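For reference, the structure is listed below as structure tokens.
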Amino acid sequence: MSAASPSSTPAQGAFRKFRERNSRILPNIKARIGVGLLLAFVLLAVLAPVISPYSPTYTGFSLGASPSPAHLLGTTRSGQDILSQLIWGTRPSLDVSLTTGSITMLVAVAIGILAGLLEGIIDEILMLATNIVLVLPSIVLVIVISSYISAASDVTISFIIALTSWPWGARVIRAQTLHLKSKDFVKAAIASGENHFRVAFFEILPNMFSLVAANFFFTCLYAVVTVASLQFLGLGNINAISWGSILYWANNSNALMIGAWWWFLPPGLAIGLLGAAFALINFGIDELTNPRLRREGP
Amino acid sequence: MTDNTVLRVDSLWVDYYTRSGPIRVVQDVSFEIRRGEILGLAGESGSGKSTVAQAVTRLIRPTVGRMGGDVWLQDENIAQLDRKALRHIKWKKVSIVAQSAMNSLNPVLRIRSQFDDILQSHGQRNRQKNFARMCELIEMVSLSAEVLDAFPHQLSGGMKQRVAIAMALLFHPDLVIMDEPTTALDVIVEREIVSEIKRLQRQFGFSVLFISHDLDLLLRMADRVAIMYGGYLMEIGSVQEFAHPLHPYSRALLQSFPAIGAVGAERRRGIPGYPPDPANPPGGCRFHPRCSHSSERCGSDLPVWEAVEGAGDQRVRCIRWREIPNESHTGSD
Amino acid sequence: MRYLMRRIIFYVVAFVATITINFFLPRAMPGNPAEALMSKFGGRLNPLALKSIEIAFGLHEHEPIWNQYLQYLGQLLHGNLGTSLAYYPASVSGLIGTALPWTLFLVGLSTIISFVIGIIIGSISAWRFGGAFDTFMSTFFTFTYAFPYFWIALACLYLIGYLWGVFPISGAYSMDLVPTLSGSFVFNVIRHAILPSLTIIFTSVGYWAVNMRNTTITTLAEDYVTMAEAKGITLRRILLRYAGRNAILPNITGFAMSMGFIVGGAILTEIVFSYPGLGNLLFQAVQQEDYPLIQGILMIISFSVLAANFVADVTYSLLDPRVRVGGNQ
């Protein structure tokens, strides 16, 4: 049944009813699954000392063992328990992605609102900078910068990623600022002589909370994947236990060629699931706040 | 149904889906249009008049809403036709000139290709013949054939609306629905377009359902007029009969327009209150909260679509129309 | 044409900005990385190579910075990207010249295929908005979107290459073959490209599909689509010429904007498959701290992305008459 053909037979009517109900709940379901997944990871990170069967750094187990009741995900070639590493690895992965998301959003909000509020030459310059950074191959830039800094810390990596990924958010926020500026309550505030700072904080920012939130989670998604990519390449802190560094050591030890799937599949799966959690929350907020993506008339 | 009837709408209803479930925006709408007649459909925005136009041509998308009732276009019930049969009737028997001609043309195709799309979709593939027909139509609406090679954004609002009218007449349809065709235009262009429509209608004898919020315009150009409010038809009758409208809403609407020739002090009188919220309409007569003649029964009983005896086919939906003193309005006649 | 002129100016500015970033990056780093480098390689280099590194990394502390910048620009204008340290005495431009075609072939082709497939899937999703296909696809893509390229590559490599042995798992062609234009060699190259290409398509197709879906949904609500239905235009024509043609426009802009994002990720795929393109070369350079090579690769990738952007802009102006032909509005 295509959208381009109206009809009204009873059977289609019933089906449509089902779909209609479905579509109203779906964004909520998406967001809920996303939040649930994220909470599960947070729990895993917090409870790591309790849940983890062994110390993640202890190297005394048999080398390169396949999964067994004692080691559910086997051991590394240097005799560490992979499940324990995976559980402990949740901490830095969550940490880095949320930090990066926050820094990026701060930059994006600042630049987006500034450009939207001030307009004129400042807007032009900020938007030119935004568009230039936007077309740069960000991950390559991140790789290059982190290779210049030997053994960059997680916070440094967060800053580097934020440095190259703010333009997406800035563009959207600027557009929304321009839109809000045309609204009466903002016009009134500007006309009554409130300064830009107050307008930005008290009139504009509170009215784009969902937009900022959606972008925050999108940046978190980008950060999880990017940080893992960097660590996989051996950049950043690969001696700390994180999902990316597990992958690095797995690849370094030719885990693939010896068929040790239990070594490199689980951490990637974890990265993907955490990423999906962020993506689901982002889509959920998007669909709940963008009326066009809801199946509702008129 | 007599041979003389082009369109007969019977008990039409339309729902739109919203977050809080379906809401009814058109209810129990019944009317006829005769051959060669202009029926004006008037109402405030949100009264459901444009939805009637969409329902009559089955343009309510299944994702957006649903409709019921009968829509007889001569001997075929549009409400029951399957998709394929419907597509063949569309534009051949009934065509539309939309509210916003600005947006009703595809921005990325030349006018000529847009004519071609219609012709080819209806099986007319002779390029030379097609082109000749386009030129004929374009000249008929007082434009030059060069317009065919233009993109929509290169034309002015009035030109676009003329193109839309030319397209509507492509297959000599029995009925042309015009949904606020002049609303987006300035007054001078509006006058030109309206007289163009009148001229073409006299020349070709098609029927018109002319939808507008401007009752005054309708009284000047239509043969009969219908008034819509809150999803219901409130009154229908000939232009002559509207010299003495029966429904309090029709009267209020007429008085809210300045009479032709009115000067100075004679300003428009607005209707107090607001149009009903379709998600939460008042019970009984939809108009009773704003009506100066309402009684207790108006708030509980739904008035029927009642024929006015001895008055041709004038109809009214009001419980009290007989009781209300028949003051003639100080209108345009 | 005014539109294209404006875009060209933008790309020139963007390219100059890239070069400038490239120039200032090593100078802005805590402890100039090249200092360490010189102590490591210094003795092995000939004076000419030494000079070019000094210019690129700012070891002439006594010279004013704008002078260094001009010298750097002069070097670039002559196509001199310096000498590689890891592959000494090979020139950076020579190394890039060998790797670039492979990347253009693999990443370029895969990205275009992925775009086309994504546009098709996205359109179908939108036409069946809320249906089973749409629900399945948008859920599925939420996940493909979230997984890192390189991990999908590893999984592909493991499953299809290692376990099933269907496709070769590394390189661009078998080592025992000599590159010629013979049928068997071309076939060999295609076989080697299939796995990495599948990986890139798999991870990026969701992005285009989701975007196309959303723009098509918006377009389907436009008056000209409703009117096309009223005109009895065939469904095929409506979907292609009315909904599709218009819905694809914002996606071409999007294609241009996310090029850097997509290409960056795709390049990492090369590393997993040891594909001899720029990504792999970058990886080698990073591992061996070959800064001149890193700098050269960053520049050439940026340039390719800008060029691809420009192609997307030209395509856009061809598809949208409002940009191509001026008018009243």
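The values are calculated or read from the model by the stated rules, or taken from the named source; none is laboratory data. Computed from a prediction, not measured in an experiment: that's the story for all the values here. Methodologically, a virtual Cβ is constructed for each residue, glycine included, from the backbone with ideal geometry; neighbour enumeration extends over all protein chains shown. With ligands, DNA and RNA removed, areas are computed over all heavy atoms of the protein, side chains included. Shrake-Rupley method; radii C 1.70, N 1.55, O 1.52, S 1.80 Å.
At 27 angstrom or more along the helix axis (alpha-carbon based) and mean Kyte-Doolittle of -0.5 or higher, what helices does chain B contain? Whole DSSP H runs only. It would help to have the intermediate numbers written out before the result.
On the way: long enough: none.
Correct list, ordered by number: empty.
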Revision key, fill the gap. Under a Gaussian network model of chain C whose springs join Cα atoms within less than 10 Å, the largest fluctuation of C:Arg237, C:Arg128, C:Arg213 belongs to C:Arg237
Study note, to complete from the structure: Cα-based Debye curve of the protein assembly as shown sampled at q = 0.08, 0.10 Å⁻¹ gives log₁₀ I(q)/I(0) of -0.90, -1.20
Revision key, fill the gap. By the Cα gyration tensor axes a ≥ b ≥ c (a/c under 1.5 gives rounded; else a/b larger than b/c gives prolate, otherwise oblate), the shape of chain C is oblate
Practice item. Kindly point out which whole DSSP H helices in chain C project their C-alpha atoms 20 angstrom or further along the helix axis while averaging a Kyte-Doolittle hydropathy of -1.0 or above. Key: C:2-28, C:109-127, C:132-146, C:183-220, C:259-272, C:291-319
Review point. In Å², nearest 100, what accessible area do chains A and C bury in total when the solvent probe is 1.4 Å?
Key: 5500
Point to revise | Shielding of C:156-163 by partner chains, average beta-carbon count, 10 Å | key: 3
Study note, to complete from the structure: Buried accessible surface, A vs B, both sides, probe 1.4 Å, in Å² to 100, equals 1600
Point to revise | Share of carbon and sulfur in the accessible heavy-atom surface of the range A:84-174 [1.4 Å probe, %] | key: 71
**Study point:** Relative packing of peptides B:137-144, C:306-313 - highest average C-beta neighbours within 10 Å first
**Key:** C:306-313, B:137-144
Check your understanding: What number comes out for the charge environment of B:Cys318, summing +1 per Lys or Arg and -1 per Asp or Glu over other residues with Cβ under 12 Å away?
Key -> +3
**Study point:** Top positive-direction residue, dipole computed over the protein assembly as shown with Cβ charges, set C:Ala90, C:Ile120, A:Gly112
**Key:** C:Ile120
Practice item. For the protein assembly as shown, report the accessible area per residue in Å² (1.4 Å probe, heavy atoms, rounded to an integer). Key: 42
Practice item. Mind checking which lysines have their Cα closer than 18 Å to the Cα of C:Lys51? Skip sequence neighbours fewer than 8 apart in that chain. Key: C:Lys40
Point to revise | Residue mean of other protein chain beta carbons inside 10 Å, B:103-111 | key: 6
Point to revise | Choice from B:Glu146, B:Glu32, B:Glu196 showing the highest fluctuation, given a GNM over chain B with Cα pairs closer than 10 Å | key: B:Glu146
Review point. Using a probe of 1.4 angstrom, how much of the accessible area of the range B:160-212 is carbon and sulfur, in percent?
Key: 53
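In whole Å and largest first, what semi-axes does the C-alpha gyration tensor of chain B yield when each eigenvalue is scaled by 5 and square-rooted?
35, 23, 18
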Review point. Semi-axes, largest first, in whole Å: what does sqrt of 5 times each Cα gyration tensor eigenvalue give for the range B:2-149?
Key: 31, 19, 16
Point to revise | Accessible area buried at the C-B interface, both sides summed, 1.4 Å probe (Å², nearest 100) | key: 2800
Study note, to complete from the structure: Averaged over the residues of C:271-279, the number of partner chain Cβ atoms within 10 Å of each residue's own Cβ comes to 1
Revision key, fill the gap. For the range C:79-203, the accessible surface attributable to carbon and sulfur atoms (probe 1.4 angstrom, ligands and nucleic acids excluded) amounts in percent to 76
Review point. Who wins for biggest fluctuation among B:Ala145, B:Ala166, B:Ala222 in a Gaussian network model of chain B, springs between alpha carbons below 10 Å?
Key: B:Ala145
Exercise for review: Compute the Kirkwood hydrodynamic radius of the range C:228-329, taking the inverse of the mean of 1/r over all pairs of distinct Cα atoms, and give it in Å to one decimal.
Suggested key: 16.7
Practice item. Pairs of Cα atoms under 8 Å, at least six residues apart: use those to get the relative contact order of chain B, whole percent. Key: 20
